[in-house]
1. Per-residue ellipticity at 222 nm for the chain, helices alone: DSSP H runs ≥ 4 residues times -39500 (n - 2.57), over residue total, nearest 500 deg cm²/dmol?
2. Please list the equivalent ellipsoid semi-axes of the stretch 70-118, computed as the square roots of five times the alpha-carbon gyration tensor eigenvalues, in descending order and whole angstrom.
3. For residue 93 and residue 47, what does the FRET efficiency come to when R0 = 22 Å and r is the distance between their Cβ atoms, rounded to the nearest 0.05?
4. Please check: in the Gaussian network model of the chain (C-alpha springs, under 10 Å), which one of 44, 94, 72 has the largest mean-square fluctuation.
5. Antiparallel versus total DSSP beta bridges in the stretch 2-133: what percent is that, nearest 5?
6. Quick one: compute the contact order of the chain, relative version, from alpha carbon pairs under 8 angstrom and 6+ residues apart, as a percent.
7. When the chain is modelled as a GNM with alpha-carbon springs shorter than 10 Å, which of 37, 96, 118 fluctuates the most?
8. If you find the alpha carbon centre of the stretch 99-123 and of the stretch 40-79, how far apart are they in angstrom?
């Protein structure tokens with residue numbers, strides 16, 4: 001499903017996508033199109049892209065083709081989703097301890113839309129850290 005979403009092929013394109021967007025949040029999926037986790041995330045992102053187009057821009061970045069941000073954003077996971085607004089990284093507290101990014105595939109479209117909408121509302125208020133509507137800690141899985 002990655003062919004349905006726009007790809008950014010250089011570090012300059014990634015920077016411009018983050019810098020130019022004034023009103024919407026920018027959702028960047030860092031990873032590889034061939035990775036299974038990224039395929040699941042890409043499928044979900046392509047399904048929601050039409051519904052969130054008024055307040056979110058979604059882009060895909062191949063970390064092998066554009067390694068410029070790998071150390072800066074600690075992109076060591078196969079699939080990573082990050083949020084930006086007006087050239088500012090918006091962190092999301094999901095209860096996992098890592099507030100910088102989502103590094104697993106979300107299956108539920110509405111769940112991701114809720115997270116992105118929370119990021120959008122918080123970013124418009126000037127917040128750099130927002131709290132996810134759902135907690136993803138593993139303490140309740142036992």
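Read-outs throughout are calculated quantities, based only on the coordinates presented, and are distinct from any laboratory measurement. Everything numeric here is computed off the predicted structure, so don't read it as measured data. Reconstructed Cβ throughout: ideal geometry from the backbone, glycine too, with neighbour counts over all protein chains shown.
1. Numbers: 3 runs with 43 residues, N = 142.
The per-residue figure over the chain is -10000 deg cm²/dmol.
2. Numbers: eigenvalues 62, 42, 21 Å².
Three semi-axes, in Å: 18, 14, 10.
3. On the way: r = 25 Å, r/R0 = 1.15.
For residue 93 and residue 47, the calculated efficiency is 0.30.
4. Highest fluctuation among the options: 72.
5. Numbers: 10 of 22 bridges.
Restricted to the stretch 2-133, the bridges split so that about 45 percent are antiparallel.
6. Reported as a whole number, the value is 28 percent.
7. Per the Cα network of the chain with a 10 Å cutoff, 96 tops the list.
8. 12 Å
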